[in-house]
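Report on the following structure.
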Amino acid sequence: MNILAWVIVGAVAGFLAARLGGAGPGGLAGDLAVGLAGALAGGGLLRILIGSDGGFGYCVLAACVGAAALTLVLRSLAAPNGV
């Protein structure tokens, strides 16, 4: 069930990134994919670090942080000035 939460949070994070910061280099579809990948990575990393998913609240938090972090990193790398 928590993996479904990661997917939903990742899609929302990608959508919000596209709406608030303008579409990234891959457009809305790229932002959604980055949000999903970041959320799955964040949720998976939480599961590895603490041996479980820590409950629904921690799962959603980890997915949010992962999606936001990956989105920011990839957008900064794609920016012409690296900012």
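Which residue pairs have Cβ atoms closer than 9 Å, lie 6 or more positions apart in sequence or on different chains, and pair a first residue in region 55-81 that is among the small types (Gly, Ala, Ser) with a second residue that is outside any helix (DSSP H, G or I) and buried (at least 17 other Cβ atoms within 10 Å of the Cβ)?
Hits for this filter: 62/53; 78/24.
Can you pull out every residue in region 50-64 that is at pLDDT below 80 and part of a helix (DSSP H, G or I)?
Passing the criteria: 56, 57, 58, 59, 60, 61, 62, 63, 64.
When both residues are 6+ apart or on different chains and their Cβ atoms are under 8 Å apart, which pairs have a first residue that lies in region 1-30 and is over 29 Å from residue 55 (Cα atoms), and a second that is modelled with pLDDT of 75 or more and of a type in the set (Phe, Trp, Tyr)?
28/15
Is it the case that residue 27 is at pLDDT 75 or above and at positive phi?
no
Hey, residue 47 hits all of (1) at pLDDT 75 or above; (2) exposed (fewer than 12 other Cβ atoms within 10 Å of the Cβ) but one; which does it fall short on?
Every condition holds for residue 47 apart from (2).
The values are calculated or read from the model by the stated rules, or taken from the named source; none is laboratory data. These numbers come from a predicted model, not from an experiment. Here the Cβ is made from the backbone with ideal geometry for all residues, glycine too, and neighbour counts use every protein chain on show.
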